[in-house]
Amino acid sequence: MIYRNLGRSGLQISALSFGAWVTFGKQIGDPVAKKLLHTAYDAGINFFDNAEVYAAGQAEIVMGAILKKSGWRRSSYLVSSKAYFGCEDEKPNQTGLSRKHLFEACHAALTRLQVDYLDLFYCHRPDPTTPILETCRAMHDLIAQGKVLYWGTSEWSAVQLQEAFRLCAAHNLHAPITEQPQYSLFHRTRVEKEYAPIFRDHGLGTTIWSPLASGLLTGKYNAGIPKDSRLSAPGMEWLRDMVLNDPKTPAKLATVPKFAALAEELGTTLPRLGVAWCLKNPHVSTVILGASRPEQLTENLGALDLIEKLTPAFMKRLDAISKPVAD
Ligand code: NDP
């Protein structure tokens, strides 16, 4: 495993990490979840990503139970939660980034995950109804109380991030150390263009989500939707509709065999290529892997061996296929 500093913090995060979205508490049984988390940890992965909204809190309950029984030293792994979407219903104050919801979401995550503190606590989306200063101060206070060690954002715009940094500096508050953006061969603009000034000015880290575009970049959707895949999973109809209704999807799927041919040239597989490509970006601190089966995780972990093989000339060939279809 390779470890990188998360942004300008002293925190060492494994270049590959592992997340619970869709799978834990929902698509897979608890024994599979256990096997996945242990496979990840045994491979040197030290960051496990979670959120209040994943399976309405159940993903954190499943992960917490596995962590508790694992016998792993608390100092040997990082665990996150994210607040914004809420986890059960959508009454006022049970969602968003107000001080009230951030405090309550943090306490609830600590209980579900059975830990004394969260290594990372994210604002899962921006909340236009809450002043950014209120959110920054609440995150700062959770850190001061020892309930959270570092905080981050997910899918905030560069403008919102600049404002958060300005306010934290002006009020002497702990600033975010990381963003959690979507990034893949199919989704590039925000990380590569919009965030460029943020990386330059603040050295923000990134914990990347959906590196394989929910599986599109494995080739599994090129001949329709397999029965046992994410896009056919119960409760994921919204994602299936979003993917199927995206006017760019046919063009994206048409590139998949081209990427696969390049992977074959390197003697590797398409999922490994997709993950390794993300890791080549120097602003990527860690790529969060998702998997519904241990074999997928084992395969994707092989991306680490590929980084050196992705020469500038090879990256240009990937760019030529990716750039015309990427968001
Ligand atoms: P990916 O885009 O890598 O998709 C993972 C899914 O693709 C797997 O669950 C599996 O689905 C399929 N897959 C993965 N590898 C293979 C393989 N080798 N062969 C065949 N199929 C494969 O990542 P995720 O979308 O899961 O995102 C990773 C993590 O990022 C999440 O767990 C979560 O922690 C975080 N995240 C954060 C978000 C945010 O808003 N901050 C949003 C989304 C995710 P299946 O077998 O079911 O087809």
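The values are calculated or read from the model by the stated rules, or taken from the named source; none is laboratory data. Bear in mind that the values here come from a model prediction, so they are computed numbers and not experimental data. Glycine also receives a Cβ, built like all others from the backbone with ideal geometry; neighbour counts cover every protein chain displayed. Note: accessible area is taken over every heavy atom of the protein model, side chains too, but ligands, DNA and RNA are not part of it. Shrake-Rupley method; radii C 1.70, N 1.55, O 1.52, S 1.80 Å.
Scanning segment 164-176 for residues that are in contact with a helix residue (DSSP H, G or I) (Cβ under 6 Å, 6 or more places away or on another chain) and open to solvent by 10 Å² or more (accessible area, probe 1.4 Å) returns Phe165, Leu167, Leu173, His174, Ala175.
Give segment 277-318 a look and list any residue that's within 7 Å of the ligand (Cβ to nearest atom) and either farther than 30 Å from Lys26 by Cα or part of a helix (DSSP H, G or I) (or both), or say none. Let's see the steps before the verdict.
Pass one, segment 277-318, residues within 7 Å of the ligand (Cβ to nearest atom): 288-293, 296, 299-300.
Correct list: Gln296, Glu299, Asn300.
Of everything in segment 25-56 that is in contact with a Phe, Trp or Tyr (Cβ under 6 Å, 6 or more places away or on another chain) and near the ligand (Cβ under 10 Å from one of its atoms), the residue that is nearest to Cys106 (Cα to Cα) is Val53.
Of everything listed in (1) open to solvent by less than 10 Å² (accessible area, probe 1.4 Å); (2) closer than 27 Å to Phe199 by Cβ; (3) in contact with a Ser or Thr (Cβ under 8 Å, 6 or more places away or on another chain), the single unmet condition for Trp156 is (3). Residues that are closer than 12 Å to Leu185 by Cβ and without any contact (Cβ under 8 Å) to a residue 24 or more places away in the chain were ranked within segment 308-327; the one that is most open to solvent (accessible area, probe 1.4 Å) is Ala320. With respect to (1) within 19 Å of Trp209 (Cα to Cα); (2) within 16 Å of the ligand (Cβ to nearest atom); (3) open to solvent by 50 Å² or more (accessible area, probe 1.4 Å), the lone exception for Pro257 is condition (1).
Scanning segment 40-62 for residues that are of a type in the set (D, E, K, R) and open to solvent by less than 20 Å² (accessible area, probe 1.4 Å), we see that the one that is nearest to the chain's Cα centre (by Cα) is Asp49.
Select from segment 202-213 the residues that are near the ligand (Cβ under 9 Å from one of its atoms) and among the hydroxyl-bearing types (Ser, Thr, Tyr) and write down the one among them that is surrounded by the fewest Cβ atoms within 10 Å (Cβ to Cβ). It comes out as Ser210. Residues that are within 12 Å of the ligand (Cβ to nearest atom), aromatic (Phe, Trp, Tyr) and either in a helix (DSSP H, G or I) or touching a residue at least 60 places away in the same chain (Cβ under 8 Å) (or both) within segment 214-254 are absent altogether.
In segment 177-190, how many residues are within 23 Å of Phe85 (Cα to Cα) and out of contact with any helix residue (DSSP H, G or I) (no Cβ under 6 Å at 6 or more places or on another chain)?
In the first step, residues of segment 177-190 are kept if they are within 23 Å of Phe85 (Cα to Cα); the result is 177-183, 187, 190.
Now drop any that are not out of contact with any helix residue (DSSP H, G or I) (no Cβ under 6 Å at 6 or more places or on another chain), which leaves 177-180, 182, 187, 190.
Here the count works out to 7.
Meeting the requirement of 1 or more residues that are under 30 Å from Pro324 (Cα atoms) and within 19 Å of the chain's Cα centre (by Cα), the strands (runs of 3 or more DSSP E) wholly within segment 107-213 are 148-153, 205-208.
Taken over segment 210-235, the residue count meeting the criterion of being touching a helix residue (DSSP H, G or I) at 6+ places or on another chain (Cβ under 8 Å) and closer than 23 Å to Asp49 by Cβ is 13.
The one condition from (1) in contact with a Gly (Cβ under 9 Å, 6 or more places away or on another chain); (2) over 18 Å from Gly203 (Cβ atoms) that Tyr150 does not meet is (2). With respect to Gly146, determine if the residue is buried (at least 22 other Cβ atoms within 10 Å of the Cβ), more than 30 Å from Thr218 (Cα to Cα) and of a type outside the set (D, E, K, R). The answer is no for Gly146.
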